[in-house]
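Trainee: Sharing a structure here in structure tokens format.
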Amino acid sequence: MSLKQPKQRPVVHHRRRATTSRSRTLPWSLMRTNRWPTTTTVLWLILLLIVASVVVQLRLILEIHSSRHGGVTLHETSALRRTSMQQLSSLRHSSPACHPHWSVALPSDTFVTASDIYSVNNHQHTLINLSWNNTLPFSRIYFYHIRKAGGTMIRKYLKKVALHYQIDLTIQENKYAREEVGSHPHTMYVTNMRDPVERSISHFKYEGRWDCQQLVKNDSFVPTEYNAKPFEAWRETKGFVKSPCDEPFSFTGCAVNCYIQTFAGEGCTSNEWQSEYELALNRLMRYNLIFVYEMFKDEGYAQAIEDFFGVEGFNQASDMFCGWQAHEAHKKVPLVVGFDHVMRLSKLNQMDTKLFKEATDCWGGDEVEYSFPKANANRFAAQQNRTVVE
């Protein structure tokens with residue numbers, strides 16, 4: 001006879017809800033218990049908010065004070081630099097390479113803020129607070145000539161433009177772009193750019209491999225492989241040597257980050273060219289027009305430039321000092337450029353390439369449409385005693 005086994009009840013496992021640090025926080029405990037915070041809790045929260053607000057205000061005051069006395073500026077942190085860029089975006093147009101404009105830069109009456117002050121390598125740079133006027137005429141063109149980027153041709157063309165409208169023309173080369181946009185009344189600011197590595201190699205071929213003065217003035221000088229300087233040594237900020245930090249940049253020779261040095265006016269860096277890059281970018285984006293060397297062979301681009309100024313003759317052949325002699329020397333002794341050094345030069349020019357792309361990568365697709373405004377003769381004011389300064 002078998003005994004009937006008692007029926008076993010299923011085992012039910014009760015899981016205890018884990019208590020986390022999140023559930024202990026004030027908002028969750030209030031939601032779970034439906035209790036209102038006590039007066040003491042509310043007062044503590046208010047006190048914490050007041051203290052946090054005071055700390056933030058004191059930090060901003062100290063940073064602004066420091067920026068005006070050569071210390072660490074607001075631009076030394078990436079977050080506050082983004083704020084600065086947003087503030088300055090209202091003072092500048094979109095890239096003047098793709099969107100040149102006819103606005104006249106005028107000094108604004110508003111107070112210069114910390115976002116307009118840059119402390120770079122213990123040098124203080126203050127950008128002029130600008131407003132823009134779309135009706136005032138231009139009486140002067142300022143052209144900063146970047147070397148080995150079609151500048152000689154542009155000089156020749158801008159002389160025709162200035163003569164056509166009887167206005168002043170100032171051309172600057174070699175020294176850094178020291179004239180701030182808005183510092184001279186009724187001025188159109190233009191410059192030129194080219195791929196930084198291509199420009200650097202062209203600069204070496206022009207006056208780095210052999211001395212131009214020797215090629216032009218010394219009839220007994222014969223360029224050879226033995227008296228040529230090596231391309232592998234062309235890797236410093238000033239070509240074969242470093243640019244000095246204690247004086248403004250000079251463009252007589254340059255291989256690395258030449259655009260940044262030009263528009264920041266600084267020949268060295270303490271933070272991988274970040275501060276100099278942002279200063280150069282903000283200055284460059286205030287210009288009215290940037291000529292882009294790579295676009296010169298495009299007939300549509302040449303026509304857009306001529307329509308912009310209302311003068312024909314852009315991209316016509318022009319002679320430069322030492323140009324023919326350097327060309328002939330390289331025909332006799334061809335330059336062999338090593339791939340490794342080109343890659344090294346590209347790496348050294350990373351920040352300059354970033355600046356170049358920021359200024360010029362604004363056309364999309366293979367077919368480019370140039371939406372340049374067309375010239376209006378009424379926007380030029382003829383000068384009785386006009387000047388051309390080179």
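Trainee: Beyond 21 Å between alpha-carbons counts as too far, so tell me which of K160/K217; K156/K297; K148/K357; K229/K332 fall in that bin.
Mentor: K160/K217
Trainee: Would you please classify the overall shape of the stretch 233-290 from the alpha carbon gyration tensor, given that a ≥ b ≥ c denote the square roots of the eigenvalues, rounded means a/c under 1.5, and beyond that prolate means a/b larger than b/c while oblate covers the rest?
Mentor: On the way: a/c = 2.08, a/b = 1.56, b/c = 1.33.
Since a/c reaches 1.5 and a/b is larger than b/c, the shape of the stretch 233-290 is classed as prolate.
Trainee: Around D211, which amide H atoms from residues at least 5 apart in sequence, or from another chain, sit under 5 Å from its own amide H, with H modelled in the peptide plane?
Mentor: Those lying under 5 Å, H to H, from D211: there are none.
Trainee: Highest mean first, what order results for 338-350, 250-262, 291-303 on Cβ atoms within 10 Å?
Mentor: Details: 338-350: 14.2, 250-262: 24.2, 291-303: 16.8.
Ranked from most to least packed, the peptides come out as 250-262, 291-303, 338-350.
Trainee: Compute, for the stretch 276-390, the length of the dipole vector about the Cα centre, with Cβ point charges of +1 (Lys, Arg) and -1 (Asp, Glu) only. Units Debye, rounded to 20.
Mentor: 420 debye
Trainee: Okay, moving on. Any chance you could check the Cα centroid distance between the stretch 259-326 and the stretch 187-256 for me, in angstrom?
Mentor: Going from one Cα centre to the other spans 17 Å.
Trainee: Moving to a separate point now. Could you name the aspartates and glutamates in cross-link range of K347, using Cα to Cα under 20 Å and dropping any fewer than eight places away on the same chain?
Mentor: Output for K347: D195, E198, E232, E236, E266, E272, E276, E278, E358, D361.
Trainee: Out of the stretch 157-187, which trypsin sites (Lys or Arg not before Pro) are coil in DSSP terms and have no more than 13 other C-beta atoms within 10 Å?
Mentor: Numbers: sites: K159, K160, K175, R178; in loops: R178.
Answer in residue order: R178.
Trainee: Ok, one more. Using modelled backbone amide H atoms (1.01 Å from N, in-plane), which distant-in-sequence or interchain residues come within less than 5 Å of S131's amide H?
Mentor: L106, S108
Trainee: Taking K and R as +1 and D and E as -1, what net charge do the other residues with C-beta under 12 Å from the C-beta of P373 add up to? Let's see the in-between values first.
Mentor: On the way: positive: K374, R379; negative: D307.
In short, +1.
Trainee: Over the stretch 212-285, what is the mean sequence separation of C-alpha contacts under 8 Å (at least six apart), divided by residue count, expressed as relative contact order in percent?
Mentor: Relative contact order for the stretch 212-285 comes out at 21 percent.
Only the coordinates and a few stated rules stand behind these numbers; no lab work does. In this text the structure is predicted, and so the values were computed from the model without any measurement. Because the Cβ atoms are built from the backbone with ideal geometry, glycine has one as well, and the counts that use them run over all protein chains shown.
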